[in-house]
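First the structure, in the form of structure tokens, and then the observations on it.
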Amino acid sequence: MTRKTIMNKVHRIVLKVGSQVLTAKGKSLSQAVFDRLAREISAAKKKGYEVVIVSSGAIAAGMSRLGFLEKPKTIPQKQAAAAIGQSALMWNYERAFTGYGEKVAQVLLTRDDLSNRRRYLNARNTLLTLLGLGVIPIINENDTVVVEEIKFGDNDNLSALVTSLVNADLLIILSDIDGLYDGDPRLSKDAKLIPLVRQVTAEMEKKASGTLSPISIGGMVTKLQAARKAALFGVPMILANGMVEGIIGRIFQAEDVGTLFTSEVNKLNSRKHWIAFTLEPQGRIIVDNGAKKAILQKGKSLLPSGVLATEGEFSLGDPVVLVDLQKEEFAKGLSNYGSAEINKIKGLKTTEVENKLGYKYGDEIIHRDDLVVL
Ligand code: GLU
């Protein structure tokens, strides 16, 4: 697929802007950068594109207000910096976009919000309503309330999940680098930009070095993770240099800027994407080889007869991982039964479940619609 064919089909875009871009690699938010982004995004919007922004920069802005030179180490300090910086971040967006007649809205999300189907749908409805009203949603992680377990951790990954949340057609990540290189351009002059990546490989992820910046969180690794997630959802991603004037317009004109990561053909629907990437598994179900084969080769549901054991305590509706006899994880899904119930009905035929429990939620332990092969 060429850039032109991809861009022709694009209508809704998730655009992620990193802290390095918003501070112009300096210590505080750069008004000039916000103005440029607002100008370029408003121009795209006037052409009919819908844009959802995922913006970092809260912690960076808070650090500058507090006079911190280095990123705070403790979580409460990071949270305090984010709380101070988030209003500064939004103030800059408000000011810049108002200059172009556009309205913005702040949306703060945590992993918990997207793990819970009801809150996921609420977030989705709000975002779609905002887009319907012609408003530009500006999303950041709700740093104030997150602890390690419920953190996205970085906005690159968050932006990929938002792509699925709002059913976007393209993910753009604006960073302080021109795209993906075959080496480290900071260390070697011979490193060359890779214009097209058809598939993110494990080798690429291994090669990608972590960030060297004192203020941002993700390096190239999280960008590759985002590309992989978006691709699984059937969405291409463009990684480009947000420091370059006019970059957004050039992307929309299908110019060969940055690195394009194309998507795989078989796209997961958004529910399966949500199951695969957003949900934290609460336990594991060990299944026999017959069940594994039926799931992997025939796309079948998991039935009680294929279950050997469970690990961890989980309840009805919880996300769980399926493992084979070698303890290898091969699928993830939402369980129709809690672990205690499964232990009573494992190995049974579906017709025996009701007798055993006195009730039945369904024939399947995990229905195929709720099951994603990893
Ligand atoms: N939520 C963080 C912030 O706004 C940024 C996370 C990231 O850089 O990926 O400061």
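The values are calculated or read from the model by the stated rules, or taken from the named source; none is laboratory data. These numbers come from a predicted model, not from an experiment. For neighbour counting, all protein chains shown are included, and Cβ atoms are generated from backbone atoms with ideal geometry for every residue, glycine included. Each accessible area value is taken on the protein alone, full model and side chains, heavy atoms only, with ligands, DNA and RNA left out. Shrake-Rupley method; radii C 1.70, N 1.55, O 1.52, S 1.80 Å.
Considering each of VAL33, VAL21 in turn, give the residue that is within 16 Å of the ligand (Cβ to nearest atom), touching a strand residue (DSSP E or B) at 6+ places or on another chain (Cβ under 8 Å) and not in a strand (DSSP E or B).
VAL21
Would you check which residues across region 350-362 are over 20 Å from PRO319 (Cβ atoms) and assigned to a loop (DSSP other than H, G, I, E, B) and list them?
GLY358, TYR359, LYS360
Could you tell me whether region 154-177 includes any residue that is acidic (Asp, Glu), farther than 17 Å from THR222 by Cα and either in contact with a strand residue (DSSP E or B) (Cβ under 9 Å, 6 or more places away or on another chain) or at pLDDT below 85 (or both)?
Within region 154-177 (the criterion being acidic (Asp, Glu), farther than 17 Å from THR222 by Cα and either in contact with a strand residue (DSSP E or B) (Cβ under 9 Å, 6 or more places away or on another chain) or at pLDDT below 85 (or both)), the answer is yes, since at least one residue qualifies.
Of all the residues that make up region 61-72, how many are within 12 Å of the ligand (Cβ to nearest atom) and touching a residue at least 60 places away in the same chain (Cβ under 8 Å)?
2
For region 91-110, indicate whether the set of residues that are within 11 Å of the ligand (Cβ to nearest atom), touching a residue at least 40 places away in the same chain (Cβ under 8 Å) and under 24 Å from ASN241 (Cβ atoms) is non-empty.
No, the conditions are met nowhere in region 91-110.
For region 140-178, enumerate the residues that are within 9 Å of the ligand (Cβ to nearest atom) and farther than 20 Å from ALA58 by Cβ.
Correct list: empty.
Please enumerate the residues belonging to region 347-367 that are of a type in the set (Val, Ile, Thr) and open to solvent by 10 Å² or more (accessible area, probe 1.4 Å).
THR350, THR351
Only residues that are polar (S, T, N, Q) and open to solvent by 30 Å² or more (accessible area, probe 1.4 Å): list them for region 311-346, please.
Within region 311-346, SER315, GLN326, ASN336, ASN343 meet the criteria.
Pairs please, first residue from region 243-262 and more than 17 Å from ILE177 (Cα to Cα), second anywhere and open to solvent by 30 Å² or more (accessible area, probe 1.4 Å) and in a loop (DSSP other than H, G, I, E, B), Cβ atoms under 6 Å, 6+ apart in sequence or on different chains.
Here the result reads THR262/MET1; THR262/ARG198, each pair linking region 243-262 to a residue that is open to solvent by 30 Å² or more (accessible area, probe 1.4 Å) and in a loop (DSSP other than H, G, I, E, B).
Just need a number here: residues in region 46-60 that are within 16 Å of the ligand (Cβ to nearest atom) and either part of a loop (DSSP other than H, G, I, E, B) or open to solvent by 10 Å² or more (accessible area, probe 1.4 Å) (or both). Explain how you work it out, then say what you get.
To start, the set of residues in region 46-60 that are within 16 Å of the ligand (Cβ to nearest atom) comprises 52-60.
Applying the additional criterion that residues be either part of a loop (DSSP other than H, G, I, E, B) or open to solvent by 10 Å² or more (accessible area, probe 1.4 Å) (or both) yields 56-57, 59.
Residues that pass the stated criteria total 3.
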